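Below is one structure, written out as structure tokens; the observations come after it.
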Amino acid sequence: MKFASSYEPNQYEADIYAAWETSGAFDPVIPTVPVDDDGNGHDDRLNANTYSIVMPPPNANGNLHIGHGLTIALEDSLTRYHRLKGQSTWYIPGADHAGFETWVVYEKALEAQGHTRFEYDRNELYARVWDFVAMQRGNMELQLRALGASCAWDDLTFTLDENVIDRVYTTFEKMWNDGMIYRGKKLVNFCPKHQTAFADIEVEHKDEKGTLWEIAYDDIIVSTTRPETLFGDTAIAVNPNDARYKDIIGKEVHLPLTDRTIPIIADEHADPEYGTGAVKITPAHDFDDFEVGERHNLERIQVIAEDGTMINVPEKYLGLTAAECRKQVLKDLKDQGLLRGEKQIVHSVAHCYKCGTVLEPTLKEQWFVDVKKLAATAIEHLEKGEIKFYPENKQKVLINYLKNLKDWNISRQIPWGIAIPMFRKANSEATDEPDWIFDRRTDLKEIEKAGVKYVRDEDTFDTWFSSSHWPIVCTDWTEENPSPYYPLNVMETGADILFAWVARMIMMGLYVTGEVPFKEVYLHGLVLDAHGKKMSKSKGNVINPMDLVAKYGSDAFRLGILRGRSAGMNQAFSENSVISGRNLCNKLWNISRFIQGIVDEGDSLDSYTTLNQGEDWICRELNDCLDQIEADFEAYRFAEAVETLYSTIWDKYADWFLESQKIYRNVPLLKKTLETILVALHPFAPFVTEAIWQNLSWTEGMIITAKWPTRLEYDPISAEQFENIRTIVSEVRGTLQALSGTNNAKKYTLLYDNDSLVEDNLLLVKALTKVPAVDPLNGAPRGLRVALANHELYLDVPEKVVKEYKDALTEKILSVGRELDALNARMMNPNYVERAPEHLVKETIDAIKEKESLISRLKTQLTLI
RNA sequence: GGGAUUUUAGCUCAGUUGGCUAGAGCGCACGAUUCACAUUCGUGAGGUCACAGGUUCAAGCCCUGUAAAUCCCACCA
């Protein structure tokens, strides 16, 4: 016997995965590189039936977390479904160098060894991090395998692979030539701890308590939360409509603690309602002030250096940290009587999303992408509906974001990343040559062109700049050989990176290829803990997907994490749902074990025919189930598909069909239907379905490359009759349960009068209700009437028991009466009869007849008691 | 300030173009028991669909408003 009494995932999963991988089942059937089999000069792949999906690349040197677990469950289910449907499926795995994250980890390791980044040059650091990552790599790839990801491993793309860098450089060069790249000295969010700038999107704003100080600049009082920046003030702004200050616009005031004077200017930025209505302007250290400075052509005086110490300030404050300087400034202002008040406020402060350090708006020369055209093109294609979003409201959200997008800072001061291929002229005498030139030779620090020396910019690209090429590089798309796998069929990723990643892939895809990079976008939400709280290390509520896989199996995890989840929603997750997934796997295992047992007894017919109502019924239910799953996959309704499979397999197939097959056996049909449910469940539970497939005596090949089931043949009238049997059985069971006493099912014979359906299914009804016998009534009604309108059924119970059932019977009559009243009320409404669809009115009339007949029968029974 | 989302059973969620008595899983109560499965089987209790109006023959679903919660963007001198 190949089937143990329960399914033990750990015995099978590793071997099964290895078998899949070595068989080549993960690889697309249609080649990914150009072919011209018929020699007509055309790439024969281009009209092929392909299905492509890329994996959002997990951090190459990290471990998978619960969000990855969800990602794989979603993407791999899609992949396997489309593979079973016969498409040439390409699920492309990836690994992310995770520029900033990995750098932070590495720098910590470096510090632990007593070193700092400043001891090495950029190339050395790059090489060192490369080795560091190489050492840890593989962990997450093993974990992807444990989750069952059926991806094409040979095509794994690492974000620092040569073809990625090539493509990024090609795009950058094109943008540079198109005038979309510019070098700007602008305010950027700068993390003093990590010594790097961030894009707006990487900044985390948090509400914090702070102090608002009021400082006298001559007669004008200004409010500020950052008194130490006053040395960088180059103006005071008042609102042009503010009557209080009308007369002093254009005048100069003395800047405290210095011997400078600054002008009073009129600008809308000053809010008359806030504070005193006058605001100090520090263009070098505040984003709003920077813009005011642009409008009024103000000087930008940087007073806080990148290391967080004071520069360009009076001797006394030079070299202090910003915090020390603030204290000193406040003290000095107070001594001079210029500090006129302070109050506590709550304001939002920008933090580094990694270390929580307060970010310092800092003037820096950086590379920027002019996003106007990119965004406009993306909006145009999005508004045409070229990409379908799940959930669909994200389309609007994304368009709204793109409409307000500001230029994109792509420079990062982190060695671990793709070097920016720009070189600055070294000797300024050669005035005819441009200051900056593009060159791919980023492995060199210095190059020479036309006799002029150039030095490479030390910075690297923002990882999102290279990641935005992901669909292009993963599918090996090139100008010369566009891939049939581009655009991707779907981009599945987290809703939290809609702006950072999805938006940029769309802009970049359109810019490089002229086509949107994917046809559909499915966004998943956060996986929250069982109480709906965000998982975090500090809260200690983090669930490790690998623990659950080890404990319950990969399939159980996948089924569990998909349960109750819908697109874009942050939803709770608990071990319970994994347990219920595990139970389903075991149920399926035992279903198979049972059927194999029957097959072993011998019967070698291959083709099936249905022979009774239960068999017709299960065929109908399985067909409905397949329809439902196909529709659910089209609409990305994963949880619903799982739910449908769960109830079809358990509540219908096992509880009714298999139970009925204990009376009437149809071996070919058992085989056929089992294959159907195995294949249908395979996308969600790949391991157990494959393990069963391999253990069954008659199946061939591997289920991963099987064919999606075709519909079953059945007699619909007969199938519907089985519903009547189900109703009879349920009602008898319910009545038996409601009778006083225990073990009622064993005691009382079921009597039927004039009922061919029961007569034809005596053994089945007997087995399902567990009554000792099902006999014809033969005479006057006796015992307890079963509450069915269209069947004359009695439970042969003694008078005494019938009497004890009186209360339950009364309650039953009342409840049916209430339903009847509701139906009658509906029919009393002439508008309903007139305007509702005919079939509904007819159904209502039928229902009324049925209820009336049932009530009169029950009432007769009651009077007999 | 702008935008989005959510509110249905004790918990987590379905409920697709409005249409029969609003469903599932878990939990709970009661009952069963060796013959595929206790990771089992059966039966049941539990809902003013956040609230108030409106449209409609008919509203959990559509419209208006209110409340609560969550998230994103911008801003907070």
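The C-beta contact set for the stretch A:724-743 (first residue within 16 Å of A:Glu799 (Cα to Cα), second residue near RNA strand B (Cβ under 9 Å from one of its atoms) and of a type outside the set (Asp, Glu), distance under 8 angstrom, 6+ apart or interchain) comprises A:Leu736/A:Asn744; A:Leu736/A:Ala745; A:Leu736/A:Thr769.
Which one is farthest from the chain's Cα centre (by Cα), of the residues in the stretch A:302-327 that are within 16 Å of RNA strand B (Cβ to nearest atom) and of a type in the set (Val, Ile, Thr)? By that ranking, first place goes to A:Val303.
For the stretch A:73-90, the set of residues classified as under 22 Å from A:Pro709 (Cβ atoms), under 21 Å from the mean Cα position of the chain (by Cα) and part of a strand (DSSP E or B) consists of A:Thr89 only. For the stretch A:226-248, residues that are away from RNA strand B (no atom under 13 Å from the Cβ) and buried (at least 16 other Cβ atoms within 10 Å of the Cβ) total 3.
Please give the strands (runs of 3 or more DSSP E) falling wholly within the stretch A:748-820 in which 1 or more residues are in contact with a Gly (Cβ under 7 Å, 6 or more places away or on another chain) and either buried (at least 21 other Cβ atoms within 10 Å of the Cβ) or modelled with pLDDT of 90 or more (or both).
Numbers: elements: A:750-752, A:774-776, A:793-795.
Where strands (runs of 3 or more DSSP E) fall fully within the stretch A:748-820 and carry at least 1 residues being in contact with a Gly (Cβ under 7 Å, 6 or more places away or on another chain) and either buried (at least 21 other Cβ atoms within 10 Å of the Cβ) or modelled with pLDDT of 90 or more (or both), they are A:750-752, A:793-795.
Scan A:Gly148, A:Gly114, A:Gly138 and give me the residue that is modelled with pLDDT of 95 or more and on the phi > 0 side of the Ramachandran plot. Working first, answer last.
Numbers: A:Gly114 fails: modelled with pLDDT of 95 or more; A:Gly138 fails: modelled with pLDDT of 95 or more.
Unique residue meeting the criteria: A:Gly148.
For the stretch A:193-241, a residue qualifies if it is free of Cβ contacts under 8 Å to residues at least 60 places away in the same chain, farther than 16 Å from A:Val329 by Cα and of a type in the set (Val, Ile, Thr), and the qualifying residues are A:Ile220, A:Ile236, A:Val238.
Residues are listed down the side, and each one gets a yes or a no for (1) touching a residue at least 40 places away in the same chain (Cβ under 8 Å); (2) within 30 Å of A:Phe499 (Cα to Cα); (3) touching a Lys or Arg at 6+ places or on another chain (Cβ under 6 Å):
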residue	(1), (2), (3)
A:Gln571	yes, yes, yes
A:Asp600	yes, no, no
A:Asp624	no, no, no
A:Ala654	yes, no, no
A:Ser660	yes, no, no
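If we keep just the residues of the stretch A:400-412 that are in a helix (DSSP H, G or I) and either over 24 Å from the mean Cα position of the chain (by Cα) or more than 10 Å from RNA strand B (Cβ to nearest atom) (or both), which is surrounded by the fewest Cβ atoms within 10 Å (Cβ to Cβ)? Before you say what the answer is, go through the steps one by one.
The initial filter retains those residues of the stretch A:400-412 that are in a helix (DSSP H, G or I), namely A:400-403.
Among the residues that remain, those that are also either over 24 Å from the mean Cα position of the chain (by Cα) or more than 10 Å from RNA strand B (Cβ to nearest atom) (or both) are: A:402-403.
On the way: A:Leu402: 20, A:Lys403: 10.
Filtering first and then ranking leaves A:Lys403.
Taken as a whole, the structure places A:Lys519 among residues that are surrounded by fewer than 18 Cβ atoms within 10 Å (Cβ to Cβ), touching a residue at least 40 places away in the same chain (Cβ under 8 Å), away from RNA strand B (no atom under 14 Å from the Cβ) and over 14 Å from A:Ile72 (Cβ atoms). Considering only residues that are β-branched (Val, Ile, Thr) and not in a strand (DSSP E or B), look in the stretch A:418-439 and name the one that is nearest to A:Val133 (Cα to Cα). Checked the stretch A:418-439; the qualifying residue nearest to A:Val133 (Cα to Cα) is A:Ile418.
Could you tell me whether the stretch A:536-545 includes any residue that is surrounded by fewer than 18 Cβ atoms within 10 Å (Cβ to Cβ) and hydroxyl-bearing (Ser, Thr, Tyr)? First the steps, then the outcome.
In the first step, residues of the stretch A:536-545 are kept if they are surrounded by fewer than 18 Cβ atoms within 10 Å (Cβ to Cβ); the result is A:536-542, A:544.
From the residues that got through so far, the ones that are hydroxyl-bearing (Ser, Thr, Tyr) too are A:536, A:538.
Checking the stretch A:536-545: at least one residue is surrounded by fewer than 18 Cβ atoms within 10 Å (Cβ to Cβ) and hydroxyl-bearing (Ser, Thr, Tyr).
Against the condition closer than 23 Å to A:Lys185 by Cβ and part of a strand (DSSP E or B), how does A:Pro415 come out, does it pass?
On the way: closer than 23 Å to A:Lys185 by Cβ: yes; part of a strand (DSSP E or B): no.
Judged against the criteria, A:Pro415 is not a match.
The residue that is farthest from RNA strand B (Cβ to nearest atom), among those in the stretch A:191-212 that are in a strand (DSSP E or B) and of a type in the set (A, V, I, L, M, F, W, C), is A:Cys191. Quick one: what pairs do we get from the stretch A:395-418, first residue under 15 Å from A:Ile181 (Cβ atoms), second within 11 Å of RNA strand B (Cβ to nearest atom), C-beta under 8 Å, 6+ apart or different chains? Short answer, once both residue conditions are applied: A:Trp408/A:Ala199; A:Asn409/A:Ala199; A:Asn409/A:Asp200; A:Ile410/A:Ala199. Condition check for A:Ala767 on (1) under 50 Å from the mean Cα position of the chain (by Cα); (2) over 16 Å from A:Val729 (Cβ atoms); (3) among the hydrophobic types (A, V, I, L, M, F, W, C): one failure, at (2).
Residues that are closer than 28 Å to A:Phe198 by Cα, at least 3 per element: which strands (runs of 3 or more DSSP E) completely within the stretch A:213-316 meet that?
Details: elements: A:220-224, A:235-238, A:252-254, A:261-266, A:278-281.
In the stretch A:213-316, the matching strands (runs of 3 or more DSSP E) lie at A:278-281.
Remark: pairs (first residue in the stretch A:816-836, closer than 24 Å to A:Ser853 by Cα and of a type in the set (Phe, Trp, Tyr); second residue modelled with pLDDT of 85 or more and near RNA strand B (Cβ under 8 Å from one of its atoms); Cβ separation under 7 Å; 6+ apart in sequence or on different chains) = A:Tyr832/A:Arg826. Taken over the stretch A:552-583, the criterion of being part of a helix (DSSP H, G or I) and within 8 Å of RNA strand B (Cβ to nearest atom) is satisfied by A:Asn576, A:Ser577, A:Ile579, A:Ser580, A:Arg582, A:Asn583.
Residues of the stretch A:1-24 that are part of a loop (DSSP other than H, G, I, E, B), more than 14 Å from RNA strand B (Cβ to nearest atom) and surrounded by 19 or more Cβ atoms within 10 Å (Cβ to Cβ): none at all. Checked against the criterion of being in a helix (DSSP H, G or I) and surrounded by 20 or more Cβ atoms within 10 Å (Cβ to Cβ), the candidates A:Ile717, A:Ile728 yield just one match: A:Ile728.
Picking from residues in the stretch A:601-651 that are part of a loop (DSSP other than H, G, I, E, B) and within 10 Å of RNA strand B (Cβ to nearest atom), the one that is surrounded by the most Cβ atoms within 10 Å (Cβ to Cβ) is A:Arg637.
If we keep just the residues of the stretch A:468-500 that are of a type in the set (A, V, I, L, M, F, W, C) and at pLDDT below 95, which is nearest to A:Arg167 (Cα to Cα)?
Of the stretch A:468-500, the ones of a type in the set (A, V, I, L, M, F, W, C) are A:470, A:472-474, A:477, A:488, A:490-491, A:495, A:497-500.
With at pLDDT below 95 added as a condition, the list becomes A:495, A:497-500.
Working: A:Ala495: 26, A:Ile497: 22, A:Leu498: 23, A:Phe499: 22, A:Ala500: 19 Å.
For the stretch A:468-500, the residue satisfying everything is A:Ala500.
Has the stretch A:390-397 got at least one residue that is within 30 Å of A:Glu173 (Cβ to Cβ) and among the aromatic types (Phe, Trp, Tyr)? Lay out the reasoning, then the answer.
Quick first cut of the stretch A:390-397, residues within 30 Å of A:Glu173 (Cβ to Cβ) only: none.
No.
Look at (1) in contact (Cβ under 8 Å) with a residue 60 or more places away in the chain; (2) farther than 30 Å from A:Pro192 by Cβ; (3) surrounded by fewer than 17 Cβ atoms within 10 Å (Cβ to Cβ) and you find that A:Ala375 fails only one, number (3). Only one of the numbered conditions (1) more than 29 Å from A:Leu78 (Cβ to Cβ); (2) surrounded by fewer than 19 Cβ atoms within 10 Å (Cβ to Cβ); (3) of a type in the set (Ser, Thr, Tyr) is violated by A:Ser660, and that is (2).
The values are calculated or read from the model by the stated rules, or taken from the named source; none is laboratory data. Values in this document were obtained by computation on a predicted structure and should not be read as measured data. Using ideal geometry, Cβ is built from the backbone for each residue, glycine included, and neighbour counts are taken over all protein chains shown.
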